[in-house]
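In what follows, a single structure is set out as structure tokens and then discussed.
Laboratory data are not the source of any read-out in this text; all were calculated from the coordinates shown. Since the structure is predicted, the reported quantities are computational estimates derived from the model, not experimental observations. When we count neighbours, we look across all protein chains shown, and the Cβ atoms used for this are built from the backbone with ideal geometry, even at glycine.
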Amino acid sequence: MSDLNLVLLSLKSRLSSTILAVLLTTFGISISIILVQFENHIKTRLNNDGKKIDIVIGAKGSPLQIVLSSIYHIDLPTGNIPHSSLKTISEDPLVDKVIPLALGDNWKNNRIVGTTYEYLEHYGAKLDKGRNWQKEFEVVAGSSVKINLNQEFSGSHGLIDGNNSHDHGKYRVVGILKPTGTVLDRLLLTSLKSVLQIHGQDIEDNEKYHHEHDKHEHENHEHDKHEHEKHKHQPNKNKHKTDDHDHNSEQKSNCVNNNQDFIEPEITSLLITTKSPIANINLPRSINKQSQLQAANPAFEITRLSAMLGIGSKSFKLLSIIIMLIAVLSIFTGLASNFENRLRDLAILRAIGYSKARVFKIISFEGIIIVIFGIIIGLCSSFLVFNLLVDIIAPLNNSNAKFNFSIDIVIIICLVFLAGLFAAFFPAYKGSKVSVAKQLTQ
């Protein structure tokens, strides 16, 4: 009889303990691998979605909420900010690039985002079909959005599907992006004007108002300067002074009236890339002094979030380690528990010519086979369970979570294999030292 047949017969003779040891090993490996997959996926998506975004500016509120809603699109915005803040922030010498975002609507839980071409360029997005938007209500869809080219749709108010739709304006898909592995894959992207117009706002009126406002301010400044020089040389001509004062007051009054009639359009947030690391510290301080704006540092907020989530992750890791230790102990006890009953069989093997090394190898193989079966079943079950969770959990499905064979999985398999091997060594060593004469004379 071959050594392998002896091992298989031995495992069959204690089938219940063998199955328990395999299942425990499978369970421990499955939990460890699934946790590693989730952790790697989250880290990859956080890095890809937040790359080169140094500061996010939104309405006053929670900085973490601003980051999650504007970069990762997994939370509700804290409010809106004036569209004029785009120009103000862009002119700051510490700022390298500003990307505006206008949120508020969705289509089948896919957010409609009003922005500029810089948003696509920032993530290196390329078109798979069609073209970029060129006029209002034209849309470019992410690769994960289940929509067809040239399809028309109406956006629903809010960021969750089920609210009232905007029937007065329909979007049309003119392009579909290639997969980017970023948040763009699950967005519907259009121009800033499209989102504002469908909510009854107009950027052109805003630009016209600010142009007229700046013009009036400039004219009033020049007029006051001229009057100052005039009065300096003609201090006694009160009539001209009164007339000019009335004219100046009339201009200011007209400007105030225009201000009352004008409603400035609002956007959701600004994604900012700064020119230096020092700007990441100084710029938020200066922005947060303004009553309407809140600046958040994505790196800081995500580090804080990861620290909070890390408690749960560490707990699950500890649980998987405990389960694997139990599996190793079950392998050890499975081999050691029947050791006393197998002493006579081992002595007979030694008597018919089996060496100590061969007996050691046979007993060790029993532990190795249990571990190998546990590893194989654990790998298969972790793959199936992870893909099942991706199908069930919408955020994982939307973020294109995929099972990846990484170096972490190799490390887990090696550690489990070594642990099972060491668990089998003690019974194997003890079995190889059995006294042939003592056992056969009893």
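Exposure proxy ranking for Asp54, Asp202, based on other Cβ atoms within 10 angstrom of each Cβ and starting from the fewest, stands as Asp202, Asp54.
Here the residues Leu415, Leu196, ranked from fewest to most Cβ neighbours within 10 Å of their Cβ, fall in the order Leu415, Leu196. Among 405-414, 373-382, sorting by the average number of other beta carbon atoms lying within 10 angstrom of each residue, highest first, gives 373-382, 405-414. Database remark: amide H of Ser191 closer than 5 angstrom to the amide H of Thr115, Phe137, Glu138 (H placed geometrically; neighbours at sequence offset of 5 or more, or on other chains; Pro and chain starts carry no H). Here the 3J(HN,Hα) profile of region 171-180, calculated from phi with Karplus coefficients 6.51, -1.76 and 1.60 at θ = phi - 60°, is 8, 10, 7, 10, x, 10, 7, 6, x, 10 Hz, Gly and Pro shown as x.
Backbone phi angles across region 113-126, fed through the Karplus curve with coefficients 6.51, -1.76 and 1.60 (θ = phi - 60°), yield HN-Hα couplings of 10, x, 7, 10, 4, 4, 5, 5, 5, 4, 9, x, 6, 10 Hz in residue order; Gly and Pro are listed as x.
Counting charges near Tyr117 (Lys, Arg +1; Asp, Glu -1) among other residues having Cβ under 14 Å from its Cβ returns a value of +2. By the count of neighbouring beta-carbon atoms within 10 Å, fewest first, Ser16, Ser32 end up ordered Ser16, Ser32. For the set Lys51/Lys135; Lys43/Lys97; Lys12/Lys361; Lys146/Lys170; Lys51/Lys193, the pairs lying more than 23 angstrom apart at their alpha carbons are Lys51/Lys135; Lys43/Lys97; Lys51/Lys193. Restriction of the trypsin sites (Lys or Arg not before Pro) in region 17-55 to DSSP coil positions whose beta-carbon has at most 11 other beta-carbons within 10 angstrom yields Lys52. Near Asp96, the amide H atoms lying under 5 Å from its own belong to Thr273, Thr274, Lys275; only residues 5 or more places off or on other chains count, and H is placed 1.01 Å from N.
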